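To start, the structure itself, in structure tokens.
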Amino acid sequence: MKINFEINGVVREIDAPPMKRLLDVLREDLCLTGAKEGCGEGECGACSVIVDGEVINSCLAPICQLQGANVLTVEGLSRDGRLDPLQQAFLECGAAQCGICTPGMLISARSLLDVNPHPTREEIRAAIAGNLCRCTGYIKIIDAIERTAKTNDLLSHSRYADQP
Amino acid sequence: MIYYPTVVTPTSLEEVYELLAERGRRAKIIAGGTDLMVALNANSLAAKEFIDIWRLNELRGIDDEGETIRIGALTTYTQLIRSPLIQLSVPALVDASQTVGAIQIQNRGTIGGNIVNASPAGDSLPVLSAFDAEVEIGSVRGVRKVSFNNFYTGYRQTVMEPDEVLLAARLRKLNPNERSFFLKVGTRRAQAISKVVMAVKAGTTGAEVNSISIALGSVAPVVVRAFRTESLLTNAILNATIIEQARSTVSQEITPITDVRSTEHYRRTVTGNALARVLWRLI
Amino acid sequence: MAVGQNVLRKEGFEKLTGAARYVDDITLEGMLFGKTIRSRIPRGRVKAINFDPEFDWSRVVIADYRDIPGENYVALIENDQPLLAETEIRHCEEPILLIAAESKHEAEIAARHIAIEYEEAPPLLTIEEALGCDEIIYGSDNVFKNFLIARGDVGEGFRQADHIITGEYRVPHQEQLYIETQGMIAIPGKDSLTLMGSMQCPYYVHKAIKQLFKLSDEQAIVIQTTTGGGFGGKEEYPSMIAAHAALLAHKARRPVKMIYDRAEDIAATPKRHPGIIRHRTGVTSDGRLVANEIDIVFDGGAYATLSSVVLSRGAIHSPGPYRCENVRITARAVATNTPPNGAFRGFGAPQVTFAYEMQMEKIAAELGLDPLELRRVNMLREGDVTATGQRLNWSVGSEDVLNATVENSGYVEKRRKISQYSSGPKRRGIGLSFFFHGAGFTGSGEAKMKAQAGVEITPEGRARVLTGSTEIGQGTRTIFCQIVAEELGVGYDDVEIEEPNTSRVPDSGPTVASRTCMIVGRVVQFAAREAKEILLRFVAERFGEADAQLIDGWFLAGGKRLASFGETVREYINLYGQLGAFAHYANPPGVEWDDDTYTGDAYPVFSYGAEVAEVEVDLDTYEVTTLKITTAQDIGRAIHPVMAAGQIEGGTLQAVGYGLLEELVWERGRVVNNRLTNYIIPTSLDAPEMETIIIEKEYPHGPFGAKGVGELPMDGAAPAIAAAIFNATGAFMSDIPITPERLMTAIENMSAPRAIDNPDQQ
């Protein structure tokens, strides 16, 4: 089946069995290995991507349902080889240890901040509750997302807000 | 999955009916995939053909019908959580939706899927039961309505025929003197299958119970209503004694089991405690 | 400079952009996909293996034990574990056959066309059954190993005691649950074999592969790929999956990738040893420990693997960080027909720490003593002697961690007023634990290992660290670069670390036992120092100075700049071809251990920790919410404070899981909750807020004062939470995990009334 969709801002066409998982299409057909398989059952969130503005488990989405969709993966966060503020905060706060949950975590965080730019720590916890991490205890991940929210606040109040 | 199943993507409800009439015995309907894809990934689902209804917007929408609300089968948990109508008129359904999995699942899981998946632990099901919901089922033979409390015929079995598709669930909004409650005890605080799940809808005047429905999941092969306990409480004045009686009656009424997640004793005891807690809040 | 700074993680950029390559991200041309066929019975024999004649077997490669060029065992300690079962089956999931096919799907289809017939034998599935000896499955009595540690005279001690308190504690299996499952790729060369994959110990895999395939050191090449968590679960097991992939690759003459799905990973790989630990303690009325008798039994599973070492560490830690002159510890690891248990962060210590700390709680409760005072009265301090006769000469932060934890948590005040925070069916509780963890290998392990590491300097003036120690998220790559940068006086960004490839790096020993920073980091420091010395001597001679110094990238003599680091390196390499140095580990003077009497310095040094947990128990649902954990941990020196805190926070949450949520459910020797829906680890909503205080009681023989941090955090949370639950409800839980079901039963069985009269509240 031929599917056309926009992935990280680029329109792509792939030909795949309709029930092939979005996760496998990303990793195999598109060579975007950022999204990971941690469980194959929608529990760990390591496969999280944003589809049409909503974060989902790509291990549970068959590609036939992605016709015309807009997909964002971790590879689409940084631009021109520079980390975006969320990634930078993760790096500075020590939010990534082994890194395997990190792509999914970033995606869930991005999805949260798009909808709720000023989340409380509790709201952050709820937003990443579908992303399991075994290394960090979640503390520095929450710190990083909180810091990004505050940085966004500062930027949006500054007169340089429109500059990249 | 070992074999990739084939998929047809109908673009209208009529087309769905025709497909089901032709191949409903062997083809499975797929919506958000949050149950079916897990089974496919685990190689525990044998279906080789799917009918993909995810884009069928006719099955979406939360409609205000005056005294009732009609919820399209493809309504996701996120849509339920965000709906001002549901927040106001069926708040227990918002609570239930927020306990399903986590955000990723809530964005794709549908109420229709929860209903037809027919798990005794389905989180929205006690709410539908307590609200005496009605389900709309369609096929080439027309549309029929079934009371939700008659929908299940046994463990993971429903009244649906192979050529039928679930269209919507309809429930009555809360009356001014009514309140609804939802309580789930899961294996952890998110991404949890329930050990005990309860929804209560009660109409009171002061401490007097005018009407009450108590629906429970994970304590029987299907979602059940605690009719004996409801009888005990209807027209009763809530006080410590009657609440204790209700606690005891509901514990005895259910038939929970011991399984990989929990024990019979725990489920019985906690169901009683959960009801007591809700009843105290009613006073 | 670099040490003590929160520099950016060396491989952070790749991890944050999705560019980091984990083994399943790698695809090679001609690669096949491998799958393991495993036993469905816990004990018996393979009677027949039937291949469906309808299936086209020419499309797949099958390997069994007869294809092994070397001997059929996976090298470890006792070498008793076969790579593939021959006829005898000793546990469910024991590997029997291997299949390689063009894709995962094809391998799965082929597997379904193989039927194995078994003849079953009665299995031993629990510690009690193993000790009961109705069947003998190992040696003469099902005991893999036993230890005795004795000091003083416990008989005399019990006679001196005013009270004798006994307790029995049970701890379960625990699954490491690294988010990246086990995976490996094997690539056959002309006369070499390359393994790349997820692992903690390239040289363990190297040793196993060499033996199995009769290869030399150079012919076997093992490379660690970016590894998504290990926690001990990738200490010894990778040798098994590597050899499986290698056997298929060897037979197929094509690369083979094997990746476990989560269900196979949980069902088949090693777990934390479950155990039964009994305490009998003699105390005086004022709370002094005068006799300590402890019996430990761990379930080793079907093969010896690492059980003797887990048992050893468990036994040594079992009296806790407390003074007692009369100690007798007996410890046994027994065989059962379950998958062999193995390494998991803590390695015997979390098990015995739960036991000894709950025993202290019990002693406090029965004697009407304050649990905090009981710790203060008995804690080990500098100069004290442990159960193995080790005098604690340096870096004893025991009192510091206890004081810091108590102060920062507000323990004393909160404990006094705790019932005021309770309302309705919710009961608050606060509890304390105090613990220690020996860093480095036990006993003579490090002396024998002589871990090696090197530092080479490139013509561009960059330093490169050469070590077999691996990055598994804990920060190895970063801290080694910091250590070298600090030692050489160059920038952190000018230091890099070689890929862990056995053909390029020396054997620094395995990445385990909280030894990577303290032991290997020290060797790295010495290697850097030696490289610096070489250059200093070179500069001194070159400029005719008596001696020179290296500061901030410049060589100086008498305060005068002589040459830059970069120029000097270029010159040296022009003349001599290369620049670098290797060093190897030797124990600090005075560190001695006797393997025969099992006495002496069990570890070069201990790290110390204290923890306060605040919980809320819902008496309607018996759910326990961990509200907050405060912990101070003495780790000598934080090379990277944020990463050190990250280790503490991560380990603490794993221990919260151990105490409240995680257990394997078995049915006839098979795990039935081997999926993430049913094996429950904490999500962000289950995780408490944490306050972490790092105490730096410098260890003079660690790099810049550092000692071990990796495992210490795993020891404290379970007993702290259990103590808090005891405080909240009066229910003393001697088994973990403290699930709501178990807590409910305990509270129902209590003779005391449910509303707790807080003895602390006067």
field: Taking chain C and dividing mean pair separation by its residue count, relative contact order in percent (alpha carbons under 8 Å, at least six apart)
entry: 16 percent
query: Given R₀ = 60 Å, FRET efficiency for C:Arg381-C:Glu29 by Cβ-Cβ distance, to 0.05?
result: 0.45
- prompt: Based on the Kirkwood radius over alpha-carbon pairs, what is the Stokes-Einstein translational diffusion coefficient of chain A at 20 °C with 1.002 mPa s viscosity, in µm²/s?
  reply: 132 µm²/s
- prompt: Using the alpha-carbon atoms, what tilt in degrees (0 to 90, nearest 10) does helix A:102-115 show relative to the longest principal axis of chain A?
  reply: 70 degrees
- request: Let me know the whole percent of all Cα-Cα pairs from region B:6-52 that are separated by more than 16 Å.
  value: 37 percent
task: Determine the shape class of region C:451-584: with a ≥ b ≥ c the square roots of the Cα gyration tensor eigenvalues, call it rounded for a/c under 1.5, and otherwise prolate if a/b is greater than b/c, oblate otherwise.
output: prolate
- request: Can you tell me the relative contact order of region C:359-409? Whole percent, Cα pairs under 8 Å, sequence separation 6 or more.
  value: 23 percent
- request: Determine the shape class of region C:14-130: with a ≥ b ≥ c the square roots of the Cα gyration tensor eigenvalues, call it rounded for a/c under 1.5, and otherwise prolate if a/b is greater than b/c, oblate otherwise.
  value: oblate
- prompt: With r defined as the distance between the Cβ atoms of C:Glu499 and C:Glu120 and R0 fixed at 56 Å, what FRET efficiency is calculated, to the nearest 0.05?
  reply: 0.75
query: Residues of A:51-61, mean number of Cβ from any other protein chain within 10 Å of their own Cβ, rounded to a whole number?
result: 6
Whether region B:152-283 is rounded, prolate or oblate, judged on the alpha carbon gyration tensor where a/c under 1.5 counts as rounded: oblate
Cα-based helix-to-principal-axis angle, B:240-253 vs chain B, degrees rounded to 10: 40 degrees
message: Can you compute the label reach from C:Thr597? Point 7 Å from Cα along the Cβ direction, backbone N cut-off under 19 Å, restricted to region C:420-462.
response: C:443-445
- request: May I ask which residue of C:Thr692, C:Met518, C:Gly389 lies farthest towards the positive end of the charge dipole of chain C, with charges of +1 (Lys, Arg) and -1 (Asp, Glu) on Cβ and the Cα centre as origin?
  value: C:Met518
- prompt: Cα centroids of region C:471-547 and region C:290-354: how far apart, whole angstrom?
  reply: 35 Å
- prompt: Is there a simple number for the mean count of other chain Cβ atoms within 10 Å of the Cβ of residues in C:179-185, and what is it?
  reply: 5
- request: Give the long-range amide H neighbours of C:Gly580: residues separated by 5 or more places, or on another chain, with amide H under 5 Å away, using H modelled in the peptide plane at 1.01 Å from N.
  value: C:Ile457
- prompt: So what are region C:529-611's ellipsoid semi-axes, whole angstrom, largest first, if each one is the square root of 5 times an eigenvalue of the alpha-carbon gyration tensor?
  reply: 41, 16, 13
message: So for region C:451-584, averaging the separation of alpha carbon pairs under 8 Å that are six or more residues apart and normalising by length, what relative contact order in percent results?
response: 33 percent
query: Want the number for C:Ala586 to C:Arg66: 0.36 nm per residue separation, take away the alpha-carbon distance, what's left?
result: 183.0 nm
- line: A convex hull over the alpha carbons of region C:306-400 yields, per residue, a volume in Å³ of 127 Å³
query: Reported to two decimal places, what Rg/Rh ratio describes the protein assembly as shown when computed on Cα atoms with Rh from the Kirkwood expression?
result: 0.97
task: Compute the distance in nm between two label points, each set 7 Å from the Cα along the Cα-to-Cβ direction, one at B:Thr153 and one at C:Glu102.
output: 4.4 nm
- prompt: Given that compact globular proteins tend to follow 2.2 N^0.38 Å, what is the ratio of the alpha-carbon Rg of chain C to that value?
  reply: 0.99
- prompt: Averaged over peptide A:81-94, how many Cβ atoms belonging to another chain are found within 10 Å of each residue's Cβ?
  reply: 4
field: Unsatisfied cross-links (Cα-Cα over 26 Å) in the set B:Lys145/B:Lys195; B:Lys48/B:Lys195; C:Lys532/C:Lys707; B:Lys48/C:Lys47
entry: B:Lys145/B:Lys195; B:Lys48/B:Lys195; B:Lys48/C:Lys47
field: Partner lysines for C:Lys10 [C-alpha distance under 18 Å; skip if fewer than 8 residues away on the same chain]
entry: A:Lys140
- prompt: Hey, what do the phi angles of region C:510-517 turn into as Karplus ³J(HN,Hα) couplings, whole Hz, using 6.51/-1.76/1.60 and θ = phi - 60°, x for Gly and Pro?
  reply: x, 8, 7, 6, 6, 10, 5, 6
field: By average C-beta atoms within 10 angstrom, highest first, the peptides B:149-160, C:258-269, C:439-450
entry: C:258-269, C:439-450, B:149-160
- line: Each label sits 7 Å from Cα toward the beta-carbon; between B:Arg60 and C:Lys190 the label points are separated, in nm, by 6.1 nm
query: Helix B:13-23: angle to the longest alpha-carbon principal axis of chain B, degrees 0 to 90, nearest 10?
result: 80 degrees
Proximal lysines relative to B:Lys201, as straight alpha-carbon distance under 19 Å, when same-chain residues fewer than 8 apart are discounted: B:Lys173, B:Lys184
- line: In chain C, helical segments from DSSP H whose Cα atoms cover 27 Å or more along their own axis and that average at least -1.0 on the Kyte-Doolittle scale are C:521-543, C:641-660
field: Sorted by Cβ neighbour density within 10 Å, fewest at the top, the residues C:Phe543, C:Phe213
entry: C:Phe543, C:Phe213
- prompt: Can you work out ³J(HN,Hα) from phi for every residue in region B:108-121, in order, using Karplus 6.51 cos²θ - 1.76 cosθ + 1.60 and θ = phi - 60°, giving whole Hz and x for Gly and Pro?
  reply: 10, x, 10, 5, x, x, 4, 5, 7, 5, 6, 6, x, 9
Theoretical gain in end-to-end length, C:Cys133 to C:Thr284 [0.36 nm per residue, Cα-Cα removed]: 50.5 nm
field: Under 21 Å from the Cα of C:Lys251 - lysines, other chains or at least 8 residues apart
entry: C:Lys35, C:Lys104, C:Lys190, C:Lys207, C:Lys210, C:Lys214
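All of the numbers you see were taken from the coordinates with simple rules; none came from a lab. Quantities reported herein were computed from a predicted structural model and do not represent experimental measurements. Cβ coordinates were reconstructed from backbone atoms using ideal geometry, including for glycine residues, and neighbour counts include every protein chain displayed.
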